[in-house]
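Everything on this sheet refers to the single structure shown next.
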Amino acid sequence: MSDAFTVLWTHDTCRDLRRAGRVGERPPVAFSGVHSSLPAWTGARGGDDVYALHVNRREVFVVSRMRVIDMGRRECCGTGPGTGEGQALPGHGDWSMLGAGGCGAMPVHVDATPVRFDVPVPGVLLERLTWRNRRGRTRGLKYVVDGRLERAVSLQGFYRLTTESADELAAVVGGAAS
């Protein structure tokens with residue numbers, strides 16, 4: 001059975017996506033890291049969905065849904081630098097804003113929906129979204145007031161959604177595709 005996760009893309013990441021003209025394009029890769037500068041995609045495996053979220057003016061948007069194909073360096077990633085100079089993942093320079101320069105960045109190859117910034121998560125859904133940890137304990141999103149997110153701190157990281165919340169986010173993305 002596949003799982004679903006959320007990852008928060010920062011204002012800097014989203015600004016860089018816009019500047020690079022990536023809106024409307026499908027990212028072939030995202031990046032996982034070992035340092036707090038980059039979310040570690042811990043627990044994700046092939047077939048899992050990852051919802052890239054962005055918060056703008058207290059509203060949460062689904063920027064892309066990425067289905068994990070595999071994790072790790074492949075031929076498309078290019079050869080890594082042997083001396084510490086140059087790009088760590090030169091084959092994915094077009095998508096480097098997704099974390100290629102992060103500490104210990106490892107590629108996560110994905111089949112993704114196009115990047116967009118016009119798919120809001122309804123406020124009523126924000127109030128009932130839940131995540132679960134490995135022990136099965138669940139938690140909701142903190143700082144939701146009147147359907148708007150006052151602080152994004154509880155979205156920062158890489159978190160496993162409950163099945164119900166994953167289904168509801170899938171419906172949001174599916175409804176936006178039509």
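The values are calculated or read from the model by the stated rules, or taken from the named source; none is laboratory data. Model, not experiment: these values are computed from the prediction. Here the Cβ positions follow ideal geometry from the backbone for every residue, glycine too, while neighbour counts run over all protein chains shown.
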Revision key, fill the gap. Pairs returned, first residue in the stretch 116-133 that is touching a residue at least 12 places away in the same chain (Cβ under 8 Å) and surrounded by 13 or more Cβ atoms within 10 Å (Cβ to Cβ), second residue that is among the charged types (D, E, K, R) and in a loop (DSSP other than H, G, I, E, B), beta-carbon separation under 9 angstrom, 6 or more apart or interchain, are 123/146
**Study point:** Residue satisfying all of: in the stretch 68-106; touching a Gly at 6+ places or on another chain (Cβ under 8 Å) and modelled with pLDDT of 85 or more; nearest to residue 12 (Cα to Cα) among these
**Key:** 68
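How many residues are of a type in the set (A, V, I, L, M) and either in contact with a helix residue (DSSP H, G or I) (Cβ under 7 Å, 6 or more places away or on another chain) or free of Cβ contacts under 8 Å to residues at least 40 places away in the same chain (or both) when one looks only at the stretch 162-171? Write out each step before concluding.
Taking the stretch 162-171 first, the residues of a type in the set (A, V, I, L, M) are 166, 169-171.
If we keep only those that are either in contact with a helix residue (DSSP H, G or I) (Cβ under 7 Å, 6 or more places away or on another chain) or free of Cβ contacts under 8 Å to residues at least 40 places away in the same chain (or both) too, we end up with 171.
Qualifying residue count, the stretch 162-171: 1.
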Check your understanding: Would you say residue 159 is in contact with a Leu (Cβ under 7 Å, 6 or more places away or on another chain) and either surrounded by fewer than 20 Cβ atoms within 10 Å (Cβ to Cβ) or not small (Gly, Ala, Ser) (or both)?
Key -> no
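Of all residues in the stretch 134-158, which are under 16 Å from the mean Cα position of the chain (by Cα) and in contact (Cβ under 8 Å) with a residue 24 or more places away in the chain?
152, 155, 156, 157, 158
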Review point. Are any residues in the stretch 1-49 buried (at least 22 other Cβ atoms within 10 Å of the Cβ), of a type outside the set (Gly, Ala, Ser) and farther than 15 Å from residue 156 by Cβ, and if so, which ones?
Key: 17, 27, 29, 31, 49
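Among the residues of the stretch 46-64, are any polar (S, T, N, Q), at negative phi and modelled with pLDDT under 85? Break it down into steps so the answer makes sense when it comes.
Here is the first cut: in the stretch 46-64, the residues polar (S, T, N, Q) are 56, 64.
Those left that are additionally at negative phi: 56, 64.
Restricting the remaining residues to those that are modelled with pLDDT under 85 gives none.
No, that holds for no residue.
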Point to revise | Tally, over the stretch 1-37, of residues that are touching a Phe, Trp or Tyr at 6+ places or on another chain (Cβ under 6 Å) and assigned to a loop (DSSP other than H, G, I, E, B) | key: 1
